[in-house]
Amino acid sequence: MTVQIHQRSAVLEAFRAAGIRQVLTDPVEVAIFAKDACPLDQAMPAFVVVAESADDVVAAVRVCNRFSLPFTARGAGTGISGGAVPVEGGVVISLAKLNRILEVDPENRCAWVGPGLVNLQLSEHVRPYGLHYAPDPSSYMVSTIGGNVAENAGGPHCLAYGVTTNHILGLELVLPTGEVVTLGGKAAEYPGFDLRGLVVGSEGTLGIVTRVLVKLTPNPPELRTLLISFRSLADAAAAVSAVIAAGVIPVALEMMDRPCLEVIEEYVHAGYPADAEAVLIVEVDGLPGKVAAEAEQVAQIARAHNAVEVRLATDPEQRARLWFGRRAAFGAIAKLKPNYYLHDFVVPRTRLVEVLTQIRTICEKYGFVPLNVFHAGDGNLHPLIVYDYAEAGAYERALRAGQEIIRVCIAAGGTLSGEHGIGIEKRDLMPLVFSPEDLAAMRRLKRAFDPNNLANPDKLLPLETAGQEAAH
Amino acid sequence: MAVSADLRETLVGLVGPENVLTGPETLLYAVDGVAPKAVVFPETRDQVREIVRAARRERLGVLPFGGGTKVGFGNPPAAYDIAVVTRRLNRVVDYSPADLTVVVEAGLGFDRLTDLLRREGQFLPLDPVGPGRSTVGGIVAAGLGGLRRAFYGPPRDWVLGVAAVAGDGELIRGGGRTVKNVSGYDLCRLLAGSWGSLGIIVELCFKVFPLPPEDVLAVLGLPAPADLFGLGRDVWRQVPYPAAILGLDAESARTLTGRGPAGGALLVLFSGVRPDLESQLSQLRSVAGGRAEFFEVVRDDDLPGLWARLCDHPDLVGRDLPVWVRLSVPPAEIGAFAPNVAGRRFLADIAGGIINLYREPDDPAGMVDLRRRANAAGGSLALGRAPAALKAAFPAWDALPAPELMDRVKRALDPDGILSPGRLVR
Ligand SMILES: Cc1cc2nc3c(=O)[nH]c(=O)nc-3n(C[C@H](O)[C@H](O)[C@H](O)COP(=O)(O)OP(=O)(O)OC[C@H]3O[C@@H](n4cnc5c(N)ncnc54)[C@H](O)[C@@H]3O)c2cc1C
């Protein structure tokens, strides 16, 4: 689908004629749009449209249709499954400049925002109203609401509050054919299919989101954070299950294992217990009585599972200190080796211990020590393999270890991705969890939105081999 | 309507003669006055698949049927040949209390699921209408929020996995059994609220929740109806974490709560631990101040019965009234609709911006105006039930957003348009 040289100027002219001011074509400039944070893939786009308005997006999509050019929406490019990697010679449509907060409606606890708005800026902006935007992916300082919507992002606080889709009330979507539709809104119920729900998590394959109506959540009157250390990973994981089984749903329940703790200590000195095999960060929020009771319950369960230390933070400063290492984990890990491969799977919470043990065995077989920092309360694992691309065979070994880990997770009743999406990285693994009929139905849905197959093609669904096309 | 011998024979061959009705009993499954030619009671998903395939060969209209509690929604079916009753698809497939997940077949009664979960101290906060008759599949297919929607979210937020037989007769699955999942398109959300138009849901995996330690319901009687929504919104703004804020007209308040405040009743539910509940109740008292003529607290054994009666609002509040109007507006706009409910019977979810209004089929012009105002406020109006004559003049739904796209989505899963044709989309 590469653009022919003689077409290049015609396309560029069409973008300009449609009123788009910023189109990048210089190979040096477009190179940074060739990949996201996934180590696996990259491809050079021929054009990068830096949209300055929703109209620009519509115009760009129409031009792409005219020239049959595949296009890929891009937020901050922090995706880890290759979702924002363009088709070679295709078009990237950057939404980063559509970053305005268009309306805050405290009475209905929601806000209309541009898709390029950075997650954290939203919560900061609505703080004066006593509200916040609950989904907080670890990348919240850079990732965009549009990217979060497209990947159905999760975060530490999604355990109690739910992932992105639970917080998206409405969307404005530019369809792959260039029409604009508004889905959902401030009321609870609208007639027709929940296409808003279908678009969330669709990785830019069903169109480009140009406005988002997000739900805002009242800030809790009381918040307590516990940092609990254990001498064994099994004890920590068992404590996680026991907390949930006891009927306590903390707002956050995060785990870090020893290799991860060592790196955090070495690079950011978070003051975490040095001799722990695993650390849990548990946060409870709500009214004072509930918070006190739950914090006590969590501490008791932890002690019953051989916790060696329970630290409690009640004021914001102490809380920030407990969270600091967790928030800084990825930055610290990046300093360890030049490359890392961050995985994302979910398993039923009750299978955590068994799966973590298997992951360690697999990684050791390939000569790696996995680092684990993850959303334990959801059973959402993020085993991380650090390697040096320059070292012969290291990258291939990391990939092979990853493939084996995936199979272990699926065998334990898990799924391919909890929050990072399928993208390119896992598209060919989809048949591990979905039948040919399931995939055929998803393909037909894609076609219903995108008859010309231009919106971020070849993502999320396995590549079609000839003759696989279901007869309909 | 006479049924062709062929159809009966096919269906009997699939599920056995005891599970096919073609006689006058089909009237029990009438929708908008139209009885199906045949009613089938499949017991397995394979049977559902075969039934849909048979129907597709003959281009017959198929309506999935759960407990029938929400069958009044939607436009009259364009074709209604077979009712597929899910009631015998009622197995509990897998319940893992420690994972807070349960997998059940779609025809399982909500009350049975509730009993099962309660034994483990868990629940599913959906509050369906007609809790004694609703099936889980029907609740999800309708997607209507329950009385605690504003606090716990609508049914779609509780569905982790789904299996359904699409209109092409294939079994399709979305989601899974884990509490988080972004693998492929979210078919769970697509099927939730699709009103049987895309697939017949056969199995669901739900996320469940620990039962709160305690619930209390404050019943406030109002001297005059004008202040009901206003007070409800003040409570929503000023009292933390209400699990529900409901408004009832005077007469319904009398039937349901036994007290007859002239201005109707505001009901506020709190869930949690005792010290918090006491402080929430006292904050509620101070917000209500002199605006309530009485303030009663229902708790313990008295509460579940009252709550179940509230969930039964279409039958109790709407008793003898043929029209159920479901109005959904941005919550802060609800006050503007007070004049529309004045003197009528209603149950409102003030926190969620939903009004269930019950009335006579009189004044169709008033209905048109109400719809226009709901739309102008950014909301919607749906008919939950209405006589055929009213439905003929007044569509059951507002104009669909993105109708062509919806149509293409429909064709993607139901290429020949045999599932619930005409009820929601073509
Ligand atoms: C250090 C680190 C930590 C992370 N932690 C988390 C975490 O805790 N939880 C989590 O869920 N993820 C996490 N991520 C992954 C990533 O940040 C999320 O997937 C995020 O939602 C991507 O947002 P983005 O703006 O960077 O999107 P991009 O990477 O730019 O795009 C992601 C996908 O969204 C599509 N897209 C972008 N904008 C639009 C739009 N407006 N309309 C339609 N499609 C669009 C793109 O085409 C692409 O398919 C992490 C990543 C890193 C690098």
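The values are calculated or read from the model by the stated rules, or taken from the named source; none is laboratory data. On a predicted model such as this, the values are computed, not experimentally measured, just so you know. Note that each Cβ is placed from the backbone with ideal geometry, even for glycine, and that neighbours are counted across all protein chains shown. What goes into the accessible areas is simple: the full protein's heavy atoms, side chains included, and nothing from ligands, DNA or RNA. Shrake-Rupley method; radii C 1.70, N 1.55, O 1.52, S 1.80 Å.
One line per residue, one yes/no per condition, for (1) without any contact (Cβ under 8 Å) to a residue 12 or more places away in the chain; (2) within 11 Å of another protein chain (Cβ to nearest Cβ); (3) open to solvent by less than 10 Å² (accessible area, probe 1.4 Å); (4) more than 26 Å from residue A:450 (Cβ to Cβ):
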| residue | (1), (2), (3), (4) |
| --- | --- |
| B:161 | no, yes, yes, no |
| B:175 | no, yes, no, no |
| B:195 | no, yes, no, no |
| B:203 | no, no, no, yes |
| B:226 | no, no, no, yes |
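Exactly one condition in (1) more than 16 Å from residue B:199 (Cα to Cα); (2) open to solvent by 40 Å² or more (accessible area, probe 1.4 Å); (3) within 14 Å of chain A (Cβ to nearest Cβ); (4) not β-branched (Val, Ile, Thr) is not met by residue B:76; state its number. Among (1) more than 16 Å from residue B:199 (Cα to Cα); (2) open to solvent by 40 Å² or more (accessible area, probe 1.4 Å); (3) within 14 Å of chain A (Cβ to nearest Cβ); (4) not β-branched (Val, Ile, Thr), residue B:76 violates only (3).
Whether a residue is among the polar types (S, T, N, Q), buried (at least 24 other Cβ atoms within 10 Å of the Cβ) and in contact with a strand residue (DSSP E or B) (Cβ under 7 Å, 6 or more places away or on another chain) was assessed, and residue B:135 passes this test.
Only residues that are in a strand (DSSP E or B) and of a type in the set (Asp, Glu) were counted across the stretch B:100-143, and they come to 1.
Filtered by the rule that a residue be more than 7 Å from chain B (Cβ to nearest Cβ) and of a type in the set (Gly, Ala, Ser), the stretch A:405-423 gives A:411, A:412, A:423. For the stretch A:197-211, taking the residues that are facing chain B (nearest Cβ under 8 Å) and assigned to a helix (DSSP H, G or I), the one that is farthest from residue A:459 (Cα to Cα) is identified as A:197.
Residue-by-condition table, conditions (1) in contact with a helix residue (DSSP H, G or I) (Cβ under 6 Å, 6 or more places away or on another chain); (2) surrounded by 14 or more Cβ atoms within 10 Å (Cβ to Cβ):
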site	(1), (2)
B:258	no, no
B:263	yes, yes
B:266	yes, yes
B:274	no, no
B:296	no, yes
B:304	no, no
B:307	no, yes
B:321	no, yes
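Here residue A:147 fits the description: open to solvent by 20 Å² or more (accessible area, probe 1.4 Å) and under 14 Å from the mean Cα position of the chain (by Cα). Report whether or not residue A:305 is assigned by TED's automatic domain parsing to the domain that holds residue A:396 and either within 14 Å of the ligand (Cβ to nearest atom) or of a type outside the set (D, E, K, R) (or both). No, not satisfied.
Of the strands (runs of 3 or more DSSP E) lying entirely inside the stretch B:175-248, those containing at least 2 residues that are over 30 Å from residue B:344 (Cα atoms) are B:199-207.
Does the stretch A:396-404 include one or more residues that are away from the ligand (no atom under 16 Å from the Cβ) and within 13 Å of chain B (Cβ to nearest Cβ)? No: the stretch A:396-404 contains no residue that is away from the ligand (no atom under 16 Å from the Cβ) and within 13 Å of chain B (Cβ to nearest Cβ).
Identify the residue in the stretch A:436-466 that is of a type outside the set (D, E, K, R) and open to solvent by 80 Å² or more (accessible area, probe 1.4 Å) and, among all such residues, is modelled with the lowest pLDDT. Give the derivation first.
We begin by selecting, within the stretch A:436-466, every residue of a type outside the set (D, E, K, R); these are A:436, A:439-442, A:445, A:448-449, A:451-457, A:460-463, A:465-466.
Going one step further and asking which of them are open to solvent by 80 Å² or more (accessible area, probe 1.4 Å), we end up with A:436, A:452, A:465-466.
On the way: A:436: 97, A:452: 97, A:465: 68, A:466: 47.
Of everything passing the filter in the stretch A:436-466, A:466 is modelled with the lowest pLDDT.
When B:382, B:388, B:399 are screened for being within 11 Å of chain A (Cβ to nearest Cβ) and open to solvent by less than 70 Å² (accessible area, probe 1.4 Å), only B:382 passes. Of all residues in the stretch A:172-194, those that are in contact with a Leu (Cβ under 6 Å, 6 or more places away or on another chain), buried (at least 24 other Cβ atoms within 10 Å of the Cβ) and not in a loop (DSSP other than H, G, I, E, B) total 1.
When A:171, A:117, A:159, A:175 are checked against the criterion of being touching a His at 6+ places or on another chain (Cβ under 9 Å), within 13 Å of the ligand (Cβ to nearest atom) and at pLDDT 95 or above, A:117 stands alone in meeting it.
Among the residues of the stretch A:188-218, those that are more than 13 Å from the ligand (Cβ to nearest atom) and of a type in the set (Asp, Glu) comprise A:189, A:194. Might you check whether a residue that is within 10 Å of the ligand (Cβ to nearest atom), open to solvent by 30 Å² or more (accessible area, probe 1.4 Å), of a type outside the set (Ser, Thr, Tyr) and in contact (Cβ under 8 Å) with a residue 12 or more places away in the chain occurs anywhere in the stretch A:121-140? No, because not a single residue in the stretch A:121-140 is within 10 Å of the ligand (Cβ to nearest atom), open to solvent by 30 Å² or more (accessible area, probe 1.4 Å), of a type outside the set (Ser, Thr, Tyr) and in contact (Cβ under 8 Å) with a residue 12 or more places away in the chain.
Which one is farthest from residue A:461 (Cα to Cα), of the residues in the stretch A:424-435 that are more than 10 Å from chain B (Cβ to nearest Cβ) and surrounded by 15 or more Cβ atoms within 10 Å (Cβ to Cβ)? Ranking the qualifying residues of the stretch A:424-435, first place goes to A:425.
Residue-by-condition table, conditions (1) open to solvent by less than 10 Å² (accessible area, probe 1.4 Å); (2) within 14 Å of another protein chain (Cβ to nearest Cβ); (3) within 20 Å of residue A:349 (Cα to Cα); (4) in contact (Cβ under 8 Å) with a residue 40 or more places away in the chain:
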| residue | (1), (2), (3), (4) |
| --- | --- |
| A:259 | no, no, no, yes |
| A:286 | yes, yes, no, yes |
| A:289 | no, yes, no, no |
| A:301 | no, yes, yes, yes |
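Taking strands (runs of 3 or more DSSP E) that do not extend beyond the stretch A:221-314, which have at least 2 residues that are touching a helix residue (DSSP H, G or I) at 6+ places or on another chain (Cβ under 6 Å) and farther than 19 Å from residue A:328 by Cβ?
Output list reads A:222-230.
Only a single item in (1) closer than 30 Å to residue B:355 by Cβ; (2) modelled with pLDDT of 95 or more; (3) out of contact with any Phe, Trp or Tyr (no Cβ under 6 Å at 6 or more places or on another chain); (4) not polar (S, T, N, Q) is not met by residue A:145, and it is number (1). Criterion first (away from the ligand (no atom under 15 Å from the Cβ) and without any contact (Cβ under 8 Å) to a residue 12 or more places away in the chain) does residue A:277 satisfy it? The answer is no for residue A:277. Of all the residues that make up the stretch B:359-379, how many are among the hydrophobic types (A, V, I, L, M, F, W, C) and within 13 Å of another protein chain (Cβ to nearest Cβ)? Summing the residues that are among the hydrophobic types (A, V, I, L, M, F, W, C) and within 13 Å of another protein chain (Cβ to nearest Cβ) in the stretch B:359-379 gives 3.
Residues checked against (1) more than 30 Å from residue B:75 (Cα to Cα); (2) within 13 Å of another protein chain (Cβ to nearest Cβ); (3) surrounded by fewer than 24 Cβ atoms within 10 Å (Cβ to Cβ); (4) among the β-branched types (Val, Ile, Thr):
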| position | (1), (2), (3), (4) |
| --- | --- |
| B:184 | yes, yes, no, no |
| B:191 | no, yes, no, no |
| B:200 | no, no, no, yes |
| B:207 | yes, yes, yes, no |
| B:213 | yes, yes, yes, no |
| B:221 | yes, no, yes, no |
| B:236 | yes, yes, yes, no |
| B:240 | yes, yes, yes, no |
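When you check residue A:377 against the structure, is it touching a residue at least 24 places away in the same chain (Cβ under 8 Å), touching a helix residue (DSSP H, G or I) at 6+ places or on another chain (Cβ under 6 Å) and within 14 Å of chain B (Cβ to nearest Cβ), yes or no? Yes.
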